[in-house]
Amino acid sequence: MTNIAILASGAGSNARRIIEHFASGTLARVVLVLTDNPSAGVLNVASQAGIPSRFISREQIAQGQPLLDALEQAGADFVVLAGFLRLVPASVTARFSGRMVNIHPSLLPAFGGKGMYGGRVHRAVIEAGAAESGITIHLVDEHYDRGPVLAQFRVAVAPDDTAATLEAKIHALEHAHFPQVIEERIRDLQLRG
Ligand code: GRF
């Protein structure tokens, strides 16, 4: 059984899907939700699901060791960034090399990097007149949005799409695919021992 920790800063709709996806199986389970935002909706998601959750400050995250300690205390061996807005320091990404994934709401490398998150990404896609957008699920290294890509899924941008309608399409794509890609990665890791 793989123990998953989810790091999230916002509403937590992806976290909810991931928790539900693994709740009934024996492959993996979510053991901890960590957030850098004390008013994040993801805290309600965790409590409704009966999953332990913790606040961790941006300073503690930047230091690395407090974040490692929280993950270790929960027995986490796989980490999912689901709308997490802080940079994870190299000491943590190195410890979880190949076992930490992020989701980004564009087709990386397009519309990624520092400061590109949430509505900003969708506004930039609309302003650029892109014909399509999508999601990227990738392994995490010490840079924003740069680790090896595990999967991408595409969606057409309609001429009348706004940042808000595009965001809704992207969220639907995330909910449909993110838990499954996490599952496939964990299966691969378990097979490799
Ligand atoms: C998602 O669009 C994700 O790709 C981005 O932040 C959003 C988080 O949404 N990184 P939610 O908190 O899971 O609802």
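Which residue, of Ala23, Ala28, Ala49, Ala40, is under 25 Å from Ala172 (Cβ atoms), aliphatic (A, V, I, L, M) and touching a Phe, Trp or Tyr at 6+ places or on another chain (Cβ under 8 Å)?
Numbers: Ala23 fails: touching a Phe, Trp or Tyr at 6+ places or on another chain (Cβ under 8 Å); Ala49 fails: touching a Phe, Trp or Tyr at 6+ places or on another chain (Cβ under 8 Å); Ala40 fails: touching a Phe, Trp or Tyr at 6+ places or on another chain (Cβ under 8 Å).
After ruling out the rest, the residue left standing is Ala28.
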Task: Flag for Asp141 being away from the ligand (no atom under 15 Å from the Cβ) and surrounded by 14 or more Cβ atoms within 10 Å (Cβ to Cβ) - done: yes
TODO: Residue by residue through region 137-158, note down the ones that are free of Cβ contacts under 8 Å to residues at least 40 places away in the same chain and in a strand (DSSP E or B).
DONE: His138, Ala151, Phe153, Val155, Ala156
- [ ] Scan (1) touching a Leu at 6+ places or on another chain (Cβ under 9 Å); (2) closer than 25 Å to Gln60 by Cα for the single condition Thr136 breaks and write down its number.
- [x] (2)
Task: So Thr136, is it exposed (fewer than 13 other Cβ atoms within 10 Å of the Cβ) and at pLDDT 95 or above - done: no
Task: Pair list, Cβ < 7 Å and 6+ apart or interchain, from region 159-182 residues that are under 22 Å from Val80 (Cβ atoms) and assigned to a helix (DSSP H, G or I) to residues that are more than 10 Å from the ligand (Cβ to nearest atom) and of a type in the set (Ser, Thr, Tyr) - done: Ile170/Ser133
Task: Search result, residues across region 65-118 that are within 25 Å of Arg17 (Cα to Cα) and polar (S, T, N, Q) - done: Gln73, Thr93, Ser97, Asn102, Ser106
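To keep it simple, each residue is scored yes or no on (1) touching a Gly at 6+ places or on another chain (Cβ under 8 Å); (2) on the phi < 0 side of the Ramachandran plot; (3) not small (Gly, Ala, Ser).
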site: Ala110; (1), (2), (3): no, yes, no
site: Glu132; (1), (2), (3): no, yes, yes
site: Asp145; (1), (2), (3): yes, no, yes
site: Ala156; (1), (2), (3): no, yes, no
site: Ile170; (1), (2), (3): yes, yes, yes
site: Glu174; (1), (2), (3): no, yes, yes
site: Glu184; (1), (2), (3): no, yes, yes
site: Asp188; (1), (2), (3): no, yes, yes
Task: Failed criterion for Phe96 (all others in (1) more than 12 Å from the ligand (Cβ to nearest atom); (2) over 20 Å from Ile61 (Cα atoms) hold) - done: (2)
Open item on the list: Go through (1) touching a residue at least 24 places away in the same chain (Cβ under 8 Å); (2) among the charged types (D, E, K, R); (3) more than 15 Å from the ligand (Cβ to nearest atom) for Glu127 and report which single condition fails.
Closed with: (1)
- [ ] Could you grab me the full set of residues in region 107-124 that are within 29 Å of Gly64 (Cβ to Cβ) and free of Cβ contacts under 8 Å to residues at least 40 places away in the same chain?
- [x] Pro109, Phe111, Gly112, Gly113, Lys114, Gly115, Met116, Tyr117, Arg120, Val121
Task: The lone exception for His21 - which of (1) within 16 Å of the ligand (Cβ to nearest atom); (2) touching a residue at least 12 places away in the same chain (Cβ under 8 Å); (3) under 21 Å from Gly118 (Cβ atoms) it fails - done: (3)
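The values are calculated or read from the model by the stated rules, or taken from the named source; none is laboratory data. Every value quoted in this text rests on a predicted model; they were computed, and no experiment measured them. Cβ coordinates were reconstructed from backbone atoms using ideal geometry, including for glycine residues, and neighbour counts include every protein chain displayed.
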